[in-house]
Amino acid sequence: MKKNVNPTSELNTAVGVIFHLADGTIQSCNAEVEALLGYTVEQLVGTSAFDPPWQTIHEDGSIFLPETYPAIFSLRTGRVCSDVVMGFYKPSGELVWLSIDTLPLFKADNTQAYGVEVTFRDITQNIEAQITRQNSSQKTSPTQVKRLLTDFLPGIIYVYDVIAEHNTYINDQTYNILGYTVSEISQLGENFVAQVMHPEDLARFPAHLSRLRNSQREEVYNFEYRMRHKNGEWRWFNSQDKVHTRLPDGSIHQILGVAQEIHNRKQIEEHLSQSEERLKLATVAGRLGMWFWDLTTDCLEWTEQCKALFGLNPDTEMSYEVFLNALYPEDRERADAAVQEALETKTEYKIEYRTVWSDGSIHWILAQGRGFYNPESRPVRMIGIAQDITERINNQKALEQREEELRLITEAIPQQIWTALPNGETDYFNQRWQDYTGLTVEQANNRGWEYMIHPDDLADVKEMWHRCLTTGCNYNLKTRLRRADGEFEWFLVRARPLRNQRGEVVRWYGTNTNINQIKELEAKLQQQTEDLIQANQLKDEFLAIVSHELRTPLNPILGWSQLLSAGRLKPERYAQGVGIIQRNAKLQANLIDDLLDVSRILRGKLKLKTKPLNLETIVRSALTTVQLSANSKSIEIVTSFEPNIGQVSGDASRLQQIVWNLVSNAIKFTPEGGQVTVSLKGVGTQALIQVIDTGKGIEPEFLPYVFERFRQAESSRTRKFGGLGLGLAIVRHLTELHGGTVAADSLGENRGATFSVRLPLINTPTVRQFEDEQSNKTIELNPLNGLRVLIVDDDVDSLDLLTLVLEQDGAKVTAVESAKAARSAFNESTPDLIISDIGMPEVDGYTLINQIRALPQGKNIPAIALTAYAGEVDKQRSIDAGYQQHIPKPINLTELISVVTIIMQKNRCT
């Protein structure tokens, strides 16, 4: 019978698998057989192909004799059968058409098949459709018949031209089986085989052609290989090839072949091999004894494991009498009767009996077996297994214990576990769920599971659950579940369906995993991400401000420098220009100081030199430095100091910086003619400094961020007020370093602002003094008179400036531009003082001072480091290298003279 020209449906049809032993007896079969044949597995196992209870027919309606069954054919000949069409009558009388394949199985070094594997598919629809087409078709020509046959046969029929290396003919089944049309194959030409055959099999293809070339007669050669379907899937095929035509010299010209798809067979072979291996391992691991009884010779063979189960030595020669004698006397007759009954009725042999070991111990054995028969229905052998039931009972007890453990695990694991019926109705919740919800299973069922879902999540949960109940798909959803106290927490809810053999859902198993902490962490990470984005935006704005603020002072500095160098200014304008240059240079230095302070703050390198201090002195000193800028805007500074409030422990310069920043800020944001009030008083154990202005004020939405770094109320290019937005951040950090707090308050825009600094007071007597070494020193008119100074700086302008300043105060200066020149000058004349730049080419200032300190005359000479590296680390490195003082650039000339004077005075004292 021909197969349907569209085998697509066959690919989706269930495949039945039956395993016959050498005598034709069915030993095993898969579950699909029941649906295909209408017989249960129990009815089929043990049935012989020589004496089947069913009826079969050929395609023409003639009887399909058992002796010609594909299974019997393969057992007798050792050859495979492919796509044999058989009509099979089910017990109900229904006729189904089957397509049958067989695979004989051999043991090593044995040419006789010990069994055959039969696989079959239901092709009833294809046969009926074919019959319908045949009845309605008109008479066709012989050529058309041949064409129809080749296109309809269940396989790929082809003619391969060895000379041209491509197929000269291929039937339409190629498209049905591989997905390629004949035209597509023709277009590929000689590349078709190379492109679709698996590389490993393509390497064996020349050897197959060589066998065909060397064939002398019409031999048929088999070749198994893999071909790639058009959808990319690899499929197994078996080709039966023979020489079709030869050239006049006798060499092969064309090959005629039929390729049958054996993909299912290959999978079955692999499955069978694995099954045999598993069976072998199972008998060893499961301590199963196997026995084989040849009834024709009365030869009984037992495995060593089987003998061990009966307490027999491995070398014991077995016979049926030895077997019976090994049994408990009262069980021998019953066991023998069970064997005889199984053989006579062709039923399964299954019995439980006792065996007595040589030591007198009694063991229960479960024996199972089945008889096998020849074509005359005479029993020829019996095969079975034996198992110690005592161990099985122990295993059963262990299984029961395991089930109890699993029940306890479901109560102990952190997940909530539940089950539901196919209609979605929940019928079980573990204790973990009941503890979380505060509900019993009965209460939960009465209220319904919807009560447990957060109202905002309920619609999604119901939609997903309905879809899963309808389609049987897995359930995965994150939702919030109600706690016993009414609060909600996030859970990952998962459910999987349990299906029966027909694929129907019989129960749902679900778990609820608490992910509330993960959700909170996700929200936190989201907030951090948003904060980082905002911080990055603030950074960009800040960099733009830094660029603007650093460039702004440079404009008047460069402009007035050019005017001064031209020499065309009037004397009064000359002084004005110098003042503008100095003021903008100081402004730029202050900006840089703020940046350095923030850098120290970020790195945790900002240190305090604390001692008892009088805050009034600190505040007054700070006000002195800002008075000029207040006067320039006609701003009145009003002060209020409560006397004798006590002292604070702090760093004088840093506390003065706090006050200076706050007052400078107030002056900057207060319009001309305004007022700034600075007060100091004691409040309990704290000193309170307040700076109150009548200026621009602070918007309420910006008030929480006023002390953050890089934050300004206005950051656009049209902003009215300059600055980096660092001053208040520095104020807060310095205040906190002193153990205090700072707060800002404002009633809103154009309503002024109040800044309050609170510092802890210390219990020491009040001393109204501010120790400032530089301001309390009386500087002589020419304090450096006669001082020999060696100055080293690779910047000529700086070198000339320092030389001029020191010479004006009486010093004798030797100025050089490199460390090498400095060493030469030092060797010629030992100076009283060395002033050196740090950042110089070739040899820097650190190396220079190390070289000088290594000289006998250079060990105790005072030295001052000048550098643009103004950090705390840079200062400490200068001191460690051998300098007594570190002065950052730009240099305050008055400070320089003061530092030189103090160092030389200390040096003379020592």
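The numbers here are math on the coordinates, done by the rules we state, and not lab data. Quantities reported herein were computed from a predicted structural model and do not represent experimental measurements. Cβ placement follows ideal geometry from the backbone for every residue including glycine, while neighbour counts extend to all protein chains displayed.
Selection among THR894, THR685, GLY448 by position relative to the dipole of the chain gives THR894 as farthest towards the positive end (Cβ unit charges, Cα centre).
Using the alpha-carbon atoms, what tilt in degrees (0 to 90, nearest 10) does helix 142-152 show relative to the longest principal axis of the chain? Approximately 50 degrees, to the nearest 10. Dividing the summed helix terms, -39500 (n - 2.57) for each DSSP H run of n ≥ 4, by the number of residues in the chain produces a 222 nm estimate of -13000 deg cm²/dmol to the nearest 500. A Förster radius of 30 Å, combined with the Cβ-Cβ distance separating ALA14 from SER183, puts the computed FRET efficiency at roughly 0.30. If one takes the longest principal axis of the Cα atoms in the chain, at what angle in degrees, from 0 to 90 and to the nearest 10, does the Cα axis of helix 727-737 lie? Roughly 90 degrees between the two axes. Averaging the sequence gap over all C-alpha pairs within less than 8 Å and six or more residues apart, then dividing by the number of residues, gives the chain a relative contact order of 5 percent. Leaving out same-chain residues fewer than 8 places away, which aspartates and glutamates sit with a Cα under 14 Å from that of LYS820? Straight-distance partners of LYS820: ASP793, ASP794, GLU828, ASP837, GLU842, ASP844. Here the label points at LEU408 and THR390, each 7 Å from Cα along the C-beta direction, are separated by 2.8 nm in the simple model. Computed extension length for GLN576-LEU855: 95.6 nm, one decimal, from 0.36 nm per residue of separation with the Cα-Cα distance subtracted. A Förster radius of 25 Å, combined with the Cβ-Cβ distance separating ASP794 from GLN905, puts the computed FRET efficiency at roughly 0.25. Summing Cβ point charges (Lys, Arg +1; Asp, Glu -1) relative to the Cα centre of the stretch 413-514 gives a dipole of roughly 440 debye. Going down the table (LYS524/LYS607; LYS307/LYS397; LYS107/LYS266; LYS586/LYS889; LYS307/LYS350), which pairs top 22 Å between alpha carbons? Listed pairs above 22 Å: LYS524/LYS607; LYS307/LYS397.
Segment GLN43..ILE891, full-extension length gain: 294.4 nm, with 0.36 nm per residue of separation and the alpha-carbon distance subtracted. Taking the Cα centre of the chain as origin and assigning +1 to Lys and Arg Cβ atoms and -1 to Asp and Glu Cβ atoms, the resulting dipole is close to 3800 debye.
Taking a Cβ cut-off of under 15 Å around THR694, the surrounding Lys, Arg, Asp and Glu residues balance to a net charge of -1, with basic ones at +1 and acidic ones at -1. 3J(HN,Hα) along the stretch 425-431, derived from phi through the Karplus expression 6.51 cos²θ - 1.76 cosθ + 1.60 where θ = phi - 60°, amounts to 6, 6, 10, 7, 9, 6, 5 Hz, with x in place of Gly and Pro. If R0 equals 30 Å, the separation of the Cβ atoms of THR419 and GLU487 corresponds to a calculated FRET efficiency of about 0.70.
Which residues in the stretch 70-99 place their backbone N less than 14 Å from a point set 7 Å from the Cα of GLN55 along the Cα-to-Cβ direction? Residues 87-96 fall inside that zone.
Each of SER640 and GLN537 was given a label point 7 Å from its Cα along the Cα-to-Cβ line. The distance between the two points is 4.1 nm. Taking label positions 7 Å along the Cα-Cβ direction at both ARG211 and GLU333, the computed distance is 6.3 nm, reported to one decimal. Remark: the stretch 688-698, residue by residue, has Karplus-estimated 3J(HN,Hα) of 10, 9, 10, 10, 10, 10, 10, x, 5, x, 10 Hz, where x stands for each Gly or Pro and the curve is 6.51 cos²θ - 1.76 cosθ + 1.60 at θ = phi - 60°. In the chain, the longest principal axis of the Cα atoms and the axis of helix 893-909 are about 80 degrees apart. Compared with the alpha-carbon gap, the fully stretched path from ASN110 to GLU269 is longer by 55.4 nm at 0.36 nm per residue. Placing a label point 7 Å from the Cα of LEU247 along the Cα-to-Cβ direction, no residue of the stretch 204-232 has a backbone N closer than 12 Å. Note on LEU295, LEU747: ascending count of other Cβ atoms within 10 Å places them as LEU747, LEU295, the fewest first. Rounded to the nearest whole Hz, the Karplus-based 3J(HN,Hα) values (6.51 cos²θ - 1.76 cosθ + 1.60, θ = phi - 60°) of the stretch 499-512 follow the sequence 10, 8, 5, 8, x, 7, 6, 10, 6, 10, 10, x, 9, 10, with x at glycine and proline. Under a 5 Å amide H cut-off, with hydrogens placed 1.01 Å from N, GLN647 pairs with ILE762, THR764 among residues at least 5 apart or on other chains.
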